[in-house]
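The structure under discussion appears below in the form of structure tokens.
Computed from the coordinates by the stated procedures, all read-outs in this text should not be read as laboratory data. Computed from a predicted model, the values in this text were never measured in an experiment. Virtual Cβ from ideal backbone geometry, glycine too; neighbours counted across all protein chains shown.
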Amino acid sequence: MKLAPSLLAADFGNLRAEAKQVEPVAAYFHIDVMDGHFVSNLTIGPLVVNSLRRGLSRPFDIHLMIDHPLTYAPRFDVCPDDFISFHLEAKDDPKKVIGVIREAGAKVGIALRPATPLERVFPYLSIVDLVLVMSVEPGFGGQIFMPESIKRLRSLYREVGERPVLIAVDGGITTENIRLVSEAGAGLVVVGSAIFGEANRLAAVRALNEAAK
Ligand code: DX5
Ligand code: ZN
């Protein structure tokens, strides 16, 4: 199980220093991009994300909660190990979005809102690298984990089978449920407030890793 600290819960006036604190224990930096349309919240876009890159050595896991990933995905400077995930419920044609993300040189993820039938992602499993199962309604950090997500993770894990698709889970992950999601098949666990909401971030990560065992 890999950990992706979500910077959404960090101090946005101090993003690089916040990221640096968890760099030794982060497999990826999870970055939440919101447009105020797909979700009612607004965060940062390519300009800030591309600047943030300098000085950080971990790949980025960019989570696009935006209506038009086709327009904005190519504006991120990416490394080959980065993921760009877009939502299946966004307004653009998923196949086209997958194409532009590949062309940009990143790995491709598809994210699903909690209410979206899981089967809708099945046709894409052979052409993406990651599926991000949202375990809260996207838009805000610090929400309560939706327990139904466990069943979705298990079903997805079964459906993925031998395919090289990483299953990620995002929303409400704490020491209370990290083991459950990992056992249900999540190979990448996104954690915001349970890391950046704590004064000692490294101790918080240690507690999460311990709880996952
Ligand atoms: C929510 C974001 C999450 C968020 C998770 O829309 O996609 O990445 O940062 O935060 P926590 O872990 O606090 O639920
Ligand atoms: Zn996210």
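Data overview
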{"read-out": "The one condition in (1) among the charged types (D, E, K, R); (2) buried (at least 23 other Cβ atoms within 10 Å of the Cβ); (3) away from ligand 2 (no atom under 12 Å from the Cβ) that residue 183 fails to fulfil", "value": "(2)"}
{"read-out": "Any hit, the stretch 85-98, residues being surrounded by 19 or more Cβ atoms within 10 Å (Cβ to Cβ) and touching a Ser or Thr at 6+ places or on another chain (Cβ under 7 Å)", "value": "no"}
{"read-out": "Unique match (being touching a residue at least 12 places away in the same chain (Cβ under 8 Å), within 27 Å of residue 123 (Cα to Cα) and among the charged types (D, E, K, R)) among 201, 163", "value": "163"}
{"read-out": "Qualifying positions in the stretch 183-201 - away from ligand 1 (no atom under 13 Å from the Cβ), within 18 Å of residue 136 (Cα to Cα) and out of contact with any strand residue (DSSP E or B) (no Cβ under 6 Å at 6 or more places or on another chain)", "value": "184"}
{"read-out": "Residue match in the stretch 100-112 (condition: over 19 Å from residue 70 (Cα atoms) and either under 16 Å from the mean Cα position of the chain (by Cα) or within 16 Å of ligand 1 (Cβ to nearest atom) (or both))", "value": "no"}
{"read-out": "Selection from the stretch 174-213 of residues that are of a type in the set (Val, Ile, Thr) and over 21 Å from residue 11 (Cα atoms)", "value": "175, 178, 181"}
{"read-out": "Cross-chain or 6+ apart pairs with Cβ under 9 Å, the stretch 58-76 first and closer than 11 Å to residue 34 by Cβ, then aliphatic (A, V, I, L, M) and part of a loop (DSSP other than H, G, I, E, B)", "value": "64/90; 65/39; 65/90; 66/39; 66/90; 67/90"}
{"read-out": "Selection within the stretch 8-41 - touching a strand residue (DSSP E or B) at 6+ places or on another chain (Cβ under 6 Å) and within 12 Å of ligand 1 (Cβ to nearest atom)", "value": "8, 28, 29, 30, 31, 32, 33, 34, 38, 39, 41"}
{"read-out": "Residue match in the stretch 59-80 (condition: closer than 25 Å to residue 134 by Cβ and in contact with a Cys (Cβ under 8 Å, 6 or more places away or on another chain))", "value": "yes"}
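Yes/no matrix, rows are residues, columns are (1) in a helix (DSSP H, G or I); (2) more than 16 Å from ligand 1 (Cβ to nearest atom):
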| residue | (1), (2) |
| --- | --- |
| 114 | no, no |
| 126 | no, yes |
| 146 | no, no |
| 154 | yes, yes |
| 157 | yes, yes |
| 169 | no, no |
